[in-house]
1. Rank by packing, highest mean first: peptides 87-96, 34-43, 55-64, with packing defined as the count of other Cβ atoms within 10 Å averaged across residues.
2. With a 1.4 Å probe and every protein chain kept in, tell me what percent of the accessible surface of the chain is carbon plus sulfur.
3. Scanning the chain for helices, which whole DSSP H stretches are 18 Å or more long along the axis (Cα) and average 0.0 or more by Kyte-Doolittle?
4. Just to confirm, what accessible area per residue do you get for the chain at 1.4 Å probe, in whole Å²?
5. So between SER100 and LYS10, what do we pick up on full extension, going 0.36 nm a residue minus the alpha carbon distance?
6. Which one, (i) 8.5; (ii) 6.3; (iii) 9.6, gives mean projected area of the Cα convex hull in nm² as derived from the coordinates shown?
7. If you place +1 on the Cβ of every Lys and Arg, -1 on the Cβ of every Asp and Glu, and leave all else neutral, what size is the dipole of the chain about its Cα centre, to the nearest 20 Debye?
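The values are calculated or read from the model by the stated rules, or taken from the named source; none is laboratory data. For clarity, every value in this text was computed on a predicted model and none was experimentally measured. Here the Cβ is made from the backbone with ideal geometry for all residues, glycine too, and neighbour counts use every protein chain on show. What goes into the accessible areas is simple: the full protein's heavy atoms, side chains included, and nothing from ligands, DNA or RNA. Shrake-Rupley method; radii C 1.70, N 1.55, O 1.52, S 1.80 Å.
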Amino acid sequence: MVKAARADAKHSRLDNAIWKKYRLKLNHTSDYFKPDTADIKNPVLLQDSVYVEAYRVEAYKRYKRQHTPWHFLAVGGSIAAGAFILLGAVVIIAYTAAES
């Protein structure tokens with residue numbers, strides 16, 4: 001039941017404007033994460049509370065993990081900056097060791 005809910009939650013869609021406006025206030029019990037008959041394969045499962053709860057949790061997790069391109073740019077830039085600092089430190093240590 002939970003596996004079916006997770007698979008169906010991958011096809012859920014939430015309007016970006018709603019997500020941007022309420023993302024800090026929404027939780028998985030929000031009506032925005034209710035399963036819809038258009039998003040699921042078997043509409044009979046809507047009667048099962050375990051399925052509905054698993055669907056809501058998985059749909060919420062899917063949107064909660066969503067990042068903007070700026071997030072990836074910041075993370076990538078941080079990693080690159082750290083690598084350059086580490087490389088600079090190695091070069092300085094190697095240069096001072098070679099002079100001695």
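1. Details: 87-96: 9.8, 34-43: 13.0, 55-64: 19.5.
Descending mean neighbour count gives 55-64, 34-43, 87-96.
2. Values: 4790 of 7620 Å².
That share works out to 63 percent.
3. On the way: long enough: 49-64 (22 Å, -0.85); 69-99 (45 Å, 1.56).
Long hydrophobic helices here: 69-99.
4. Working: 7620 Å² over 100 residues.
Spelled out: the 1.4 Å probe surface of the chain, per residue, equals 76 Å².
5. Values: separation 90, 0.36 × 90 = 32.40 nm, distance 6.08 nm.
Full extension of this stretch gives 26.3 nm more.
6. Label (iii) holds the value from this structure.
7. On the way: 15 positive and 9 negative charges, 59 e Å.
The calculated dipole for the chain is roughly 280 debye.
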